[in-house]
Amino acid sequence: MRIHHLDCGTMRTLPAPAGLDPLPAVAHCLLVETDTDLVLVDTGFGLLDVREPDVLGAEFRGWAQPRLDPDRTAVRQLARLGLDPADVRHVVPTHLHVDHSGGLPDFPYATVHVAAAELASAGEHPHWAHGPRWQPYEEGGEPWFGFATAKQPAGLPDGIRLVPLAGHTPGHTAVAVRDGDGWLLHAGDAYFFHGELRRPAVPGPPELDALQSRAEHDRARRLAYNERLAALVADEPGVTVVCAHDPWEYAGLSGSR
């Protein structure tokens, strides 16, 4: 499988932690090319958001300060890679917050694999008013690197696993993708700054913690899962863990693998 790292939603500029330069927050998405399918992990913002930014909500726009550039959308980035967006057969959102689901209308024929608990809690939104091909899934599967379960839902290509990481939202899920001899784990919004997974932890910009606090559903549960992620980072060199919004982490990963 070939993995492309895409920033599909630049947001407010963050003050730099020690030794780093200020950078705007990103919406880190993955495009996975298999022999038979294109799979998109998170969508970032989409063309609907560019045309009608009010769909994002005034509160979100106020604190996230998204820079809505049509050329940043996943659908436009695929075209620049020489890929047909119509060939995206699967979208796997880590959760359904607006900065992760805004591109759903740009891929209306894709199957959208989402945790049943996430879909049940999401309510109605213009991002899915077009009637996506939802395929909700329940938790389950086999143990995976110390996590109780990791699931490969029906229809997804082999080499992709879904790891429950509830806390940020009720059905928040990490997406593991086979990457050569190892794995790449997109942990969504389980953390916002890579230093959170170091031991001892290295705090990131206060603005990121404030964003997490505004958005999260169950902080205690999220932090408990983050202890497992921190152990994964420390103990499993074959697993690379990434998140959705850390621009410094993204800068070291962007491109194709």
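Nothing in this text is a laboratory measurement; each read-out follows from the coordinates by a stated rule. Keep in mind that what you see is a predicted model, and the values were worked out from it rather than measured. Counting neighbours? That spans all protein chains shown, and the Cβs are built from the backbone with ideal geometry, glycine included.
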Q. Not counting the cut sites, what is the longest span of the chain without GluC sites (Glu not before Pro) that DSSP labels loop and that have at most 13 other Cβ atoms within 10 Å?
A. 1-123
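Taking neighbour counts of Cβ atoms within 10 Å as a proxy for exposure, in what order, fewest first, do ARG161, ARG222 appear? Don't jump to the answer; show the numbers that get you there.
Working: ARG161 24, ARG222 20.
Lowest count first: ARG222, ARG161.
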Q. In Å, what Rg and Dmax follow from the Cα atoms of the stretch 91-228?
A. 15.2, 45
(Q) For LEU165, what residues show an amide H to amide H distance below 5 Å, using hydrogens built from the backbone and excluding near sequence neighbours? (A) THR173, ALA174
Q) Once amide H atoms are placed 1.01 Å from N in the peptide plane, what residues at a sequence separation of 5 or more from VAL114, or on another chain, have their amide H within under 5 Å of its amide H? A) GLN135, TYR137
Q: Report ³J(HN,Hα) in whole Hz for each residue of the stretch 225-241, in order, from the Karplus equation J = 6.51 cos²θ - 1.76 cosθ + 1.60 where θ = phi - 60°; Gly and Pro get x.
A: 5, 5, 4, 5, 5, 4, 5, 4, 4, 6, 9, 10, x, x, 10, 9, 9
Q. By counting other Cβ atoms within 10 Å of each Cβ, how are PHE193, PHE45, PHE107, PHE60 ranked from fewest to most?
A. PHE60, PHE193, PHE107, PHE45
Q. Per the Cauchy relation, a quarter of the hull surface: what is the mean projected area of the convex hull of the alpha carbons in the chain, in nm²?
A. 12.4 nm²
(Q) Given contacts defined as C-alpha pairs under 8 Å and at least six residues apart, what's the relative contact order of the stretch 149-257, whole-number percent? (A) 28 percent
Q. Considering only DSSP beta bridges whose two residues both sit in the chain, what percent are antiparallel, to the nearest 5?
A. 65 percent
**Q.** In sequence order, calculated HN-Hα J values of the stretch 195-206 (Karplus, 6.51, -1.76, 1.60; Hz; x Gly/Pro)
**A.** x, 4, 9, 7, 10, x, 5, 10, x, x, x, x
Q. Can you list the residues, at least 5 places off or on another chain, whose amide H is less than 5 Å from the amide H of LEU14, using H built in the peptide plane?
A. LEU23, ALA25
Q.
Can you work out the Karplus-derived ³J(HN,Hα) for every residue in the stretch 141-146? Use 6.51 cos²θ - 1.76 cosθ + 1.60 with θ = phi - 60°, whole Hz, and x for glycine or proline.
A. x, 9, x, 9, 6, x
Q: Counting other beta carbons within 10 Å of each Cβ, put TRP144, TRP63 in order, fewest first.
A: TRP63, TRP144
Q | Contact order normalised by residue count of the chain, Cα under 8 Å, 6+ apart, percent | A | 19 percent
